[in-house]
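Please read the structure below before turning to the comments.
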Amino acid sequence: NWNGSNSTYSNVNYNTNNLTGTYSLDSQRSDRTDDVLNDANVQSDDQRRELQEKLEPAEQIAIDVRGNQVIIASSKSAPFSLMTDGQDREVTLDNGQKVRVRATLKGQDLIISTRDSNNDYTSTYSSQDNGNSMKVTRRLTTNYLSQTIFAESFYSKTDQIARLGIDT
């Protein structure tokens, strides 16, 4: 028989979202960016460089889900925070460019969409294997390609805590 009066509780964050943690790229299972770009028939070197930058997966990703807020960091970017309420927000990038960003958390899937005058870019982070791995699908539509480009990357969870400079 359980007696609640004898229980003690610690101040531990019992996060129910399996996405929270630190991940390392599984390059063997992931799409090669060069193959994706070759299949898309990208002709211009400038366009190829731009797409390569957007589609090349990070070697490491850290995600910290806290209610309707998420903090993401990677080996390619400093930590940033987003509200996962599905609302568009205008953000000014370091280069002065303005983009619209929308983040949504649906179960164990985090969807981040970024739109500007030339690109529509969506990344979907999906928890897999009971939280032990993650699939990242990147979808990119540009004004200079006739089709949408997709690239998938797979990651193995290396830590239950979000690392890479995220202060948890």
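A few comments on the model shown:
- Within the chain: Cβ-based charge dipole about Cα centre, in debye rounded to nearest 20 (Lys, Arg +1; Asp, Glu -1): 420
- Val36, Val91, ranked by accessible area, largest first (probe 1.4 Å): Val91, Val36
- Straight-distance crosslink candidates among aspartates and glutamates, where the alpha carbon sits under 19 Å from Lys98 and sequence neighbours closer than 8 are dropped: Glu50, Glu53, Asp88, Glu90, Asp116, Asp120
- Accessible area per residue was computed with a 1.4 Å probe on protein heavy atoms; Asp45 scores about 100 Å².
- Neighbour count of at most 12 Cβ within 10 Å plus DSSP loop: longest chymotrypsin sites (Phe, Trp or Tyr not before Pro)-free window in the chain: 15-168
- Relative to the longest principal axis of the Cα atoms of the chain, the long axis of helix 45-55 makes an angle of roughly 10 degrees.
- Three-way shape call for segment 90-168 based on the alpha-carbon gyration tensor, with the a/c threshold at 1.5: oblate
- Its Cα centre serving as origin, segment 102-168 has a Cβ charge dipole (Lys and Arg +1, Asp and Glu -1) of approximately 100 debye.
- Overall form of the chain per C-alpha gyration tensor (a/c, 1.5; a/b vs b/c): prolate
The values are calculated or read from the model by the stated rules, or taken from the named source; none is laboratory data. Here the structure is a predicted model, which means the values were calculated and not measured. Don't worry about glycine lacking a Cβ; one is built from the backbone with ideal geometry, like all the others, and counts go over all protein chains shown. For the accessible areas, the whole protein counts, side chains as well, though only heavy atoms, and no ligand, DNA or RNA atoms are used. Shrake-Rupley method; radii C 1.70, N 1.55, O 1.52, S 1.80 Å.
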